[in-house]
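Undergrad: Questions regarding the structure given below will be posed in turn.
The values are calculated or read from the model by the stated rules, or taken from the named source; none is laboratory data. If you're wondering where the values come from, they're calculated on a predicted model, not measured in any experiment. We place every Cβ from the backbone using ideal geometry, glycine too, and count neighbours over all the protein chains shown.
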Amino acid sequence: MRSRIREFDSSTLNESVQNTIMRDLKAVGKKFMHVLYPRKSNTLLRDWDLWGPLILCVTLALMLQRGSVDSEKDGGPQFAEVFVIVWFGAVTITLNSKLLGGNISFFQSLCVLGYCILPLTVAMLVCRLVLLAEPGPINFMVRLFVVIVMFAWSIVASTAFLADSQPPNRKALAVYPVFLFYFVISWMILTFTPQ
Amino acid sequence: MATPAAPAGGARNGAGPEWGGFEENIQGGGSAVIDMENMDDTSGSSFEDMGELHQRLREEEVDADAAAAEEEDGEFLGMKGFKGQLGRQVADQMWQAGKRQASRAFSLYANIDILRPYFDVEPAQVRSRLLESMIPIKMVNFPQKIAGELYGPLMLVFTLVAILLHGMKTSDTIIREGTLMGTAIGTCFGYWLGVSSFIYFLAYLCNAQITMLQMLALLGYGLFGHCIVLFITYNIHLHALFYLFWLLVGGLSTLRMVAVLVSRTVGPTQRLLLCGTLATLHMLFLLYLHFAYHKVVEGILDTLEGPNIPPMQRVPRDIPAVLPAARLPTAALNATAKAVAVTLQSH
């Protein structure tokens with residue numbers, strides 16, 4: 001029997017920080033494009049990474065903060081709340097799809113669900129811009145429309161990536177919790193009003 | 001793994017008779033490679049003797065490696081010769097041993113396959129069970145079948161959480177010392193798990209034929225009625241409508257659960273105790289969920305309680321003027337609420 005030699009692969013250790021960051025950012029950007037134009041591809045699944053979901057989650061949580069220091073008036077979600085909802089929601093959905101017999105790995109599923117929050121983050125940006133105008137029913141209708149469209153986009157995107165990993169007759173069972181998850185996030189976005 | 005040394009037993013003839021057991025262990029392996037799992041075996045030997053033994057083993061291994069190294073000299077160019085290779089080998093084995101132990105522990109405790117049979121359902125089955133949860137069956141003479149699955153109940157609890165959030169937001173509930181999401185999740189899961197356990201305990205006392213899984217499934221599907229009622233009445237705020245739905249839909253799902261439990265219990269007292277408790281808790285929970293987040297009632301509460309609000313309390317508010325979803329005559333409603341409060345206070 002031969003002895004095993006551990007080869008120290010230092011090919012990526014010695015490159016400059018800028019190279020590493022640019023490479024990772026390009027990978028994240030490529031996946032964003034895949035989410036915005038969902039096709040049946042397994043790019044998200046093959047090289048999963050959790051940078052994109054982290055960036056999106058932090059952005060969303062920051063934008064959803066009320067900004068008021070006075071804790072008595074806190075009715076809206078705080079940073080930690082949004083963070084916990086997103087990550088524990090994603091973990092729950094992943095466990096559910098694995099228990100239903102899906103053949104997707106834990107982190108691949110987290111990656112897909114996290115990246116598909118991108119349309120909702122865009123909706124949050126648009127809502128914040130719209131809220132700068134005067135409040136009123138038209139304001140609300142515009143925000144409602146934007147959030148509904150982005151909500152549908154998120155679900156379509158995540159279904160395009162996740163559906164293939166489920167047994168064919170149980171796709172609805174795996175998609176329903178995804179629907180609930182994005183519904184809760186959309187609801188948080190829609191009911192956000194800056195003080 | 002290094003090539004096995006020349007007769008391992010032969011080299012240790014000078015070890016002494018008291019190490020006979022240890023020798024057999026190593027001989028059984030058939031190789032002179034250090035076996036990490038046997039390192040803990042200190043039966044009948046002291047530390048110094050162990051160290052000596054290991055040193056001897058290592059020397060033998062080095063000899064064996066030296067012989068091998070001469071043949072594959074080209075591969076070790078640039079590395080540190082035998083010592084480097086030995087170090088890597090030892091490190092490699094420790095890594096393997098650690099990994100094996102970690103994966104054993106992981107597969108023991110984090111095995112989700114335990115739950116897999118409870119999620120083995122088809123969409124058609126879930127749909128039919130949802131509809132059946134609203135239809136009370138009259139046959140109480142022999143035990144009715146309860147499907148032991150957890151997918152439906154779990155999804156219903158999450159749906160209830162989502163509906164509750166919607167209701168809380170619409171009525172501008174403010175939670176002190178807590179969060180909306182936390183309260184919603186705590187309420188729904190607390191009810192499902194807590195009441196299931198309590199009724200299971202009562203069923204144990206009353207000799208009812210039901211397992212914990214079946215109770216969880218039964219109560220979970222009973223929440224379907226709650227979801228429907230709350231979804232409708234959080235959007236259409238009419239008291240009469242709510243009471244009607246409470247009796248009809250809530251009553252139907254409660255009757256179904258009661259019928260199932262009656263079919264599995266013997267004796268009138270036991271049946272009464274078990275089913276009465278379940279019916280009371282189930283109907284009261286629906287009442288609580290509706291009224292805890294109701295707008296007009298909160299306006300009255302605010303007027304009655306005044307500024308002395310103890311901590312950990314929901315602070316209700318008057319109906320806001322800019323709520324876009326409902327075009328209510330807020331001034332009129334506030335005035336009515338205050339008038340009612342004044343009338344109540346004067347009694």
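Undergrad: Based on what the data block shows, is A:Phe140 within 12 Å of chain B (Cβ to nearest Cβ), over 14 Å from the mean Cα position of the chain (by Cα) and not in a helix (DSSP H, G or I)?
TA: On the way: within 12 Å of chain B (Cβ to nearest Cβ): yes; over 14 Å from the mean Cα position of the chain (by Cα): yes; not in a helix (DSSP H, G or I): no.
No; evaluated as a whole, the condition is false for this residue.
Undergrad: Please determine whether any residue of segment B:189-199 is assigned to a helix (DSSP H, G or I), surrounded by fewer than 20 Cβ atoms within 10 Å (Cβ to Cβ), at pLDDT 90 or above and among the polar types (S, T, N, Q).
TA: Checking segment B:189-199: at least one residue is assigned to a helix (DSSP H, G or I), surrounded by fewer than 20 Cβ atoms within 10 Å (Cβ to Cβ), at pLDDT 90 or above and among the polar types (S, T, N, Q).
Undergrad: Just to verify a result, which residue in segment B:120-137, among those that are within 23 Å of the chain's Cα centre (by Cα) and either in a loop (DSSP other than H, G, I, E, B) or away from chain A (no Cβ under 14 Å) (or both), is farthest from B:Ala217 (Cα to Cα)?
TA: It comes out as B:Glu122.
Undergrad: Among the residues of segment B:138-171, how many are within 14 Å of chain A (Cβ to nearest Cβ), free of Cβ contacts under 8 Å to residues at least 12 places away in the same chain and closer than 22 Å to B:Gln209 by Cα?
TA: Residues meeting the conditions: 0.
Undergrad: Only one of A:Val91, A:Val84 is part of a helix (DSSP H, G or I) and buried (at least 16 other Cβ atoms within 10 Å of the Cβ). Can you tell me which?
TA: A:Val84
Undergrad: To continue, here is another question. Select from segment B:109-137 the residues that are in contact (Cβ under 8 Å) with a residue 40 or more places away in the chain and either of a type outside the set (A, V, I, L, M) or surrounded by 20 or more Cβ atoms within 10 Å (Cβ to Cβ) (or both) and list them in ascending order. Steps first, answer last, please.
TA: Here is the first cut: in segment B:109-137, the residues in contact (Cβ under 8 Å) with a residue 40 or more places away in the chain are B:118, B:129-130, B:132-137.
Correct list: B:Tyr118, B:Arg129, B:Glu132, B:Ser133, B:Pro136.
Undergrad: Picking from A:Phe183, A:Phe151, A:Phe145, which residue would you name as being in a helix (DSSP H, G or I) and free of Cβ contacts under 8 Å to residues at least 24 places away in the same chain?
TA: Sole residue among the options that is in a helix (DSSP H, G or I) and free of Cβ contacts under 8 Å to residues at least 24 places away in the same chain: A:Phe145.
Undergrad: Something else: Which ones in segment A:154-180 are touching a residue at least 60 places away in the same chain (Cβ under 8 Å), more than 11 Å from chain B (Cβ to nearest Cβ) and either under 21 Å from A:Val84 (Cα atoms) or not in a helix (DSSP H, G or I) (or both)?
TA: Within segment A:154-180, A:Gln166, A:Val178 qualify.
Undergrad: How many of the residues making up segment B:206-222 are aliphatic (A, V, I, L, M), in a helix (DSSP H, G or I) and touching a residue at least 24 places away in the same chain (Cβ under 8 Å)? Steps first, please.
TA: Filtering segment B:206-222 for residues aliphatic (A, V, I, L, M) gives B:208, B:210, B:212-213, B:215-219.
So of that shortlist, the ones also in a helix (DSSP H, G or I) come out as B:212-213, B:215-219.
Still in the running and touching a residue at least 24 places away in the same chain (Cβ under 8 Å): B:213, B:216-219.
Number of matching residues: 5.
Undergrad: For B:Val260, which of the numbered conditions (1) over 22 Å from B:Ala147 (Cβ atoms); (2) modelled with pLDDT under 95; (3) assigned to a helix (DSSP H, G or I) fails to hold?
TA: Here B:Val260 clears every test but (1).
Undergrad: Can you tell me which condition A:Ser97 does not meet? The list is (1) under 14 Å from the mean Cα position of the chain (by Cα); (2) within 14 Å of chain B (Cβ to nearest Cβ); (3) among the hydroxyl-bearing types (Ser, Thr, Tyr); (4) over 18 Å from A:Ala61 (Cα atoms), and all the others hold.
TA: Single failed check for A:Ser97: (1).
Undergrad: Go through segment A:134-158 and count every residue that is of a type outside the set (A, V, I, L, M) and buried (at least 19 other Cβ atoms within 10 Å of the Cβ).
TA: Of the residues in segment A:134-158, 5 are of a type outside the set (A, V, I, L, M) and buried (at least 19 other Cβ atoms within 10 Å of the Cβ).
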